[in-house]
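Here the structure is laid out as structure tokens; the discussion comes afterwards.
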Amino acid sequence: MTDTLIPPAVPPAAAAPLFEGRGLTCIRGDRVVFTDLSFSLAPGQALLLLGPNGSGKSSLLRLMAGLLHPARGDVLWDDESIFSDREGHGARARYIGHQDAIKPVLTVRENIAFWVRQWQPERSAAQADAQVEAAVARFEMARLLDVPGKMLSAGQKRRTNLSRLFAAPAPLWLLDEPTTALDRASVAVLEQAIAAHRAAGGMVVLSTHIDVALPGAQEFHMDRFAPRNRYDWDDETDGAED
Amino acid sequence: MAAFLAIIRRDLRLALRQGSDSLMVVMFFVLTVVLFPFGVGPETGVLERIAAGVLWVTALLASMLSLDRLFQADYEDGSLDLITLSPVPLSLLVMGKVAAHWLTTGLPLLLAAPVLAVLLHLNQDGFLILIVAMLLGTPTLSLIGAVGAALVLGARRGGVLLSLLVLPLYIPVLVFGVSAVDAAVMGFEVRAQLLVLSAMLLSALALCPWAAASALRQAVE
């Protein structure tokens with residue numbers, strides 16, 4: 001295989017694709033998690049990652065966030081590699097991982113306000129605080145604003161974590177099983193939020209085990225990208241970095 | 001800049017609410033120094049001779065105690081992923097975390113040092129220089145330590161590994177810190193030692209946040 005562009009597995013929509021992955025190969029330890037995966041996401045589109053445990057959903061999301069380096073291929077935003085402008089990508093992507101990153105001794109308000117200050121340092125403290133209050137209100141967490149993180153249940157922690165998406169808006173949402181520990185009402189809130197985000201031109205990549213309503217989303221079954229056998233990639237590792 | 005201050009404020013708040021870490025560091029410093037008069041005997045001459053060395057060595061060990069917590073908590077709860085994905089340069093955020101670490105450990109050590117110097121009969125001429133040298137030296141310790149702390153993230157027995165990595169790098173600070181105090185006690189010029197300590201601080205300030213940031217990116221992979 002040469003290094004020429006691999007056509008995206010899913011044909012791009014009419015709008016110019018903004019967020020792309022080309023010929024991605026991911027290696028964790030000595031295991032090839034997936035090979036030759038390409039995706040393309042335009043404003044308003046969503047990508048749903050499905051597949052059994054260990055099929056690479058989380059790895060792909062971490063690649064998209066820029067936490068992991070692909071062994072081959074590249075992730076691009078508007079034709080520019082996200083690894084060449086990490087801070088720029090940090091400003092436009094919001095990553096929600098398995099862990100909630102809630103500090104037990106800080107209150108819900110302090111927990112979220114810190115990230116708003118990171119993402120929007122130009123805002124004043126009062127503005128940031130107003131954004132935090134508006135964000136937690138969407139998940140009906142307003143009465144828990146001054147409760148320390150250690151008093152929250154798993155579902156409340158997850159809702160606090162997801163509130164970060166609203167506190168400082170960004171075009172690209174990367175959600176790794178965001179519905180874990182959420183009740184049905186909160187899943188519905190999340191679905192509405194994703195729909196509103198897409199209607200406003202945002203992009204969403206979401207991995208899940210349960211049904212999440214994402215009308216018109218592209219679906220990736222991750223096992224399709226699993227290497228056929230583990231020696232498949234042996235002659236292709238020359239271009240590997242890391 | 002606002003993001004830099006925000007991370008300092010957050011880490012200070014965490015340290016204040018959890019409390020134990022910086023108190024533990026100062027207590028360790030005090031207790032270890034107090035052991036020396038018991039160990040080597042209370043003769044003024046002996047204590048006076050070793051005072052500078054004892055204070056510096058114990059300060060090194062004490063400041064290392066809390067290092068493994070510098071990034072560990074953020075690493076475990078997923079905050080580190082988000083910190084590395086911040087739109088703010090990672091090295092700036094590392095510097096913020098190091099500043100908070102110094103304020104919660106280095107600064108208390110600096111305040112405790114003169115009191116302990118009295119206990120060890122350090123000559124009065126050495127007091128001021130001891131404080132100035134520690135003011136220049138302890139931030140260097142925190143900066144070098146941050147690189148070690150970032151490198152051992154995710155390793156089992158990280159604390160032991162960390163001391164093996166970091167202690168050798170602390171030696172130059174120790175050498176010039178002790179020699180500054182000794183020179184002051186003996187009435188010599190201390191300018192050279194203080195300048196070398198400042199130079200070490202400035203180079204650590206330039207290199208360590210960058211090195212620690214690269215190590216953190218490796219750790220979250």
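The values are calculated or read from the model by the stated rules, or taken from the named source; none is laboratory data. It should be emphasised that the depicted structure is a prediction, and the values quoted were computed from it without experimental measurement. Glycine gets a Cβ as well: all are built from the backbone with ideal geometry, and neighbour counts include every protein chain shown. For accessibility, only protein heavy atoms count, side chains too; no ligands or nucleic acids. Shrake-Rupley method; radii C 1.70, N 1.55, O 1.52, S 1.80 Å.
What is the one condition in (1) in contact with an Asp or Glu (Cβ under 9 Å, 6 or more places away or on another chain); (2) at pLDDT 90 or above that residue A:63 does not satisfy?
(1)
Got a sec? Which of A:96, A:82 is within 23 Å of residue B:215 (Cα to Cα), touching a His at 6+ places or on another chain (Cβ under 7 Å) and not small (Gly, Ala, Ser)?
Numbers: A:96 fails: touching a His at 6+ places or on another chain (Cβ under 7 Å).
Being within 23 Å of residue B:215 (Cα to Cα), touching a His at 6+ places or on another chain (Cβ under 7 Å) and not small (Gly, Ala, Ser) holds for just one of A:96, A:82, which is A:82.
Among the numbered criteria (1) in contact with a strand residue (DSSP E or B) (Cβ under 6 Å, 6 or more places away or on another chain); (2) closer than 18 Å to residue B:197 by Cβ, which single criterion is violated by residue B:85?
(2)
Sort through A:85, A:79, A:30, A:36 and tell me the only one that's closer than 28 Å to residue B:11 by Cα and more than 9 Å from chain B (Cβ to nearest Cβ).
After ruling out the rest, the residue left standing is A:85.
Please go through the stretch A:141-153 and pick out each residue that is at pLDDT below 90, open to solvent by 40 Å² or more (accessible area, probe 1.4 Å) and closer than 19 Å to residue A:188 by Cβ.
Within the stretch A:141-153, just A:142 meets the criteria.
Give just the number: which of (1) under 16 Å from residue B:141 (Cβ atoms); (2) open to solvent by 60 Å² or more (accessible area, probe 1.4 Å); (3) within 14 Å of chain A (Cβ to nearest Cβ); (4) not β-branched (Val, Ile, Thr) does residue B:97 not satisfy?
Tallying (1) under 16 Å from residue B:141 (Cβ atoms); (2) open to solvent by 60 Å² or more (accessible area, probe 1.4 Å); (3) within 14 Å of chain A (Cβ to nearest Cβ); (4) not β-branched (Val, Ile, Thr), residue B:97 fails exactly one: (2).
Take the conditions within 20 Å of the chain's Cα centre (by Cα), free of Cβ contacts under 8 Å to residues at least 40 places away in the same chain and open to solvent by 70 Å² or more (accessible area, probe 1.4 Å) and apply them to residue B:31. Does it pass?
Spelling it out, residue B:31 is indeed within 20 Å of the chain's Cα centre (by Cα), free of Cβ contacts under 8 Å to residues at least 40 places away in the same chain and open to solvent by 70 Å² or more (accessible area, probe 1.4 Å).
If we only count helices (runs of 4 or more DSSP H) wholly inside the stretch B:2-91, which ones have 2 or more residues that are of a type outside the set (Gly, Ala, Ser) and within 14 Å of another protein chain (Cβ to nearest Cβ)?
B:2-18, B:69-77, B:79-84
Please work out which one of (1) of a type outside the set (Asp, Glu); (2) free of Cβ contacts under 8 Å to residues at least 12 places away in the same chain; (3) surrounded by 18 or more Cβ atoms within 10 Å (Cβ to Cβ) is the condition residue B:13 fails and give its number.
That leaves (3) as the condition not met.
Could you please find all residues in the stretch B:34-75 being open to solvent by 60 Å² or more (accessible area, probe 1.4 Å), at pLDDT below 90 and closer than 30 Å to residue B:220 by Cα?
B:65, B:69
Are there any pairs, at least 6 apart or on different chains, whose C-beta atoms fall under 7 Å, with the first in the stretch A:87-98 and within 19 Å of residue B:89 (Cβ to Cβ) and the second charged (D, E, K, R) and open to solvent by 10 Å² or more (accessible area, probe 1.4 Å), and if so, which?
Once the first residue is within 19 Å of residue B:89 (Cβ to Cβ) and sits in the stretch A:87-98, its partners that are charged (D, E, K, R) and open to solvent by 10 Å² or more (accessible area, probe 1.4 Å) give A:95/B:81.
Of the residues that sit in the stretch A:157-184 and are assigned to a helix (DSSP H, G or I) and free of Cβ contacts under 8 Å to residues at least 40 places away in the same chain, which one is most open to solvent (accessible area, probe 1.4 Å)?
Filtering first and then ranking leaves A:184.
For the stretch A:123-140, give me each residue that is open to solvent by 60 Å² or more (accessible area, probe 1.4 Å) and outside any helix (DSSP H, G or I).
Matches in the stretch A:123-140: A:123, A:140.
Name every residue in the stretch A:57-75 that is open to solvent by 30 Å² or more (accessible area, probe 1.4 Å) and of a type outside the set (Gly, Ala, Ser), in order of residue number.
Result: A:62, A:69, A:72, A:74.
Quick one: count up the residues across the stretch A:92-122 that are surrounded by fewer than 18 Cβ atoms within 10 Å (Cβ to Cβ) and at the interface with another protein chain (Cβ under 8 Å from one of its Cβ atoms).
5
Restricting the search to the stretch A:45-56, which residues are under 15 Å from the mean Cα position of the chain (by Cα) and open to solvent by 10 Å² or more (accessible area, probe 1.4 Å)? Outline the logic, then answer.
The initial filter retains those residues of the stretch A:45-56 that are under 15 Å from the mean Cα position of the chain (by Cα), namely A:45-50, A:56.
Those that are under 15 Å from the mean Cα position of the chain (by Cα) and open to solvent by 10 Å² or more (accessible area, probe 1.4 Å): A:45, A:48, A:50.
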